[in-house]
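Participant: Here's a structure for you.
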Amino acid sequence: MAKKLNSMRLLEVNDVSYEALAYPPEIKDAGEVAEAIGAPYHLVFKTLVAEPARPGGGPLLAVVPSDCQLDLKKLASAAGEKKVQLAKHADAEKYTGLQVGGISALALMHKNWDVYLDSSASELEHIIMSAGQRGTQVRVPTSAFIRLVGARLADIATAED
């Protein structure tokens, strides 16, 4: 089993059952992660860091299925912003303290950032996401994830071309 991460401790403290799933840590792409762990793409969610285009706006987390792209216009609308942009990889790592490919809303709860979860997740009993470190994913009940991180369900994803 993978080493215990803070996200796993958080789940345990809150009595949330989870399954840890390991994969080669050099994989960064959520679609490749899904293949590596043998999970359907629509169950594996990626966490993206976005930021409002206006000065002084703090980062937002967008959690979308691995087989979809984040729709920035939809995210901006959900967040009540005129415009949002994806953070550059170096900025996302600076803001979060986590490596791209290992960014997780569960590992960033202490930041109190707004988390937007694509509404497709509401149809799923469980979702799979990064545990906060490349090489480790966690399968968690969707309702527990929403409750723990205060995620807002919103239509923020579009199918990849």
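Readers should treat all values here as calculations from the given coordinates under stated rules, not as data from a laboratory. Just so it is clear, the structure is predicted and the values come from calculations on it, not from any experiment. Don't worry about glycine lacking a Cβ; one is built from the backbone with ideal geometry, like all the others, and counts go over all protein chains shown.
Participant: Show me, for region 107-124, the HN-Hα J-couplings you get by feeding each phi into the Karplus relation (A = 6.51, B = -1.76, C = 1.60, θ = phi - 60°), rounded to Hz, glycine and proline as x.
Facilitator: After applying 6.51 cos²θ - 1.76 cosθ + 1.60, I find 8, 10, 4, 5, 7, 6, 7, 5, 10, 10, 10, 4, 4, 4, 5, 5, 8, 10 Hz.
Participant: Here is a further query. In 10 Å bins starting at 0, how do the alpha-carbon pair distances of region 6-159 split up by percent?
Facilitator: Result, from short to long distances: 12, 45, 37, 6, 0 percent.
Participant: Taking GluC sites (Glu not before Pro) as exposed when DSSP calls them loop (any state but H, G, I, E, B) and at most 13 other Cβ atoms lie within 10 Å, what is the longest stretch of the chain free of them, the sites themselves excluded?
Facilitator: Working: sites that count: Glu26, Glu125, Glu160.
The answer is 27-124.
Participant: Please list, ordered by chain and number, the residues whose modelled amide H lies under 5 Å from the amide H of Leu153; skip anything fewer than 5 residues away on the same chain.
Facilitator: The answer is Leu117.
Participant: Quick one: among Ala22, Ala53, Ala151, which has the greatest mean-square fluctuation in a GNM of the chain with alpha-carbon springs under 10 angstrom?
Facilitator: So, out of Ala22, Ala53, Ala151, the one fluctuating most is Ala53.
Participant: Past 28 Å, Cα to Cα, is the threshold; run Lys3/Lys74; Lys74/Lys94; Lys4/Lys46; Lys82/Lys111 against it and keep the listed order. List each step's numbers first, then the result.
Facilitator: Numbers: Lys3/Lys74 36 Å; Lys74/Lys94 25 Å; Lys4/Lys46 20 Å; Lys82/Lys111 23 Å.
Those over the limit are Lys3/Lys74.
Participant: Residue-wise, which Karplus ³J(HN,Hα) couplings in Hz belong to region 41-58, taking 6.51 cos²θ - 1.76 cosθ + 1.60, θ = phi - 60°, and x for glycine or proline?
Facilitator: These are the phi-based 3J(HN,Hα) values: 4, 6, 8, 9, 9, 9, 10, 10, 9, 10, 9, x, 6, 6, x, x, x, x Hz.
Participant: Given an 8 Å cut-off on Cα distances and at least 6 residues of separation, report the relative contact order of the chain as a percent. Could you put the intermediate results ahead of the total?
Facilitator: Details: 330 pairs, mean separation 47.1, N = 161.
Across the chain, relative contact order equals 29 percent.
Participant: Here's another thing I want to ask about it. Of the DSSP beta bridges with both residues in region 6-159, give the percent that are antiparallel, rounding to the nearest 5. Can you show the working numbers first?
Facilitator: Details: 22 of 30 bridges.
Close to 75 percent.
Participant: Given labels modelled 7 Å from the Cα in the Cβ direction, how far is it in nm from Ala53 to Glu123?
Facilitator: It works out to 3.1 nm between the two label points.
Participant: Counting only other residues whose beta carbon sits under 9 Å from that of Arg134, what net charge do I get with K and R as +1, D and E as -1?
Facilitator: Numbers: positive: Lys28; negative: Glu26.
So the environment of Arg134 carries a net charge of 0.
Participant: Could you check the simple spin-label distance between Glu35 and Met109, using points 7 Å along Cα→Cβ, in nm with one decimal?
Facilitator: Roughly 3.4 nm, to one decimal.
Participant: Between the alpha-carbon centers of region 61-92 and region 25-45, tell me the distance in whole angstrom.
Facilitator: 20 Å
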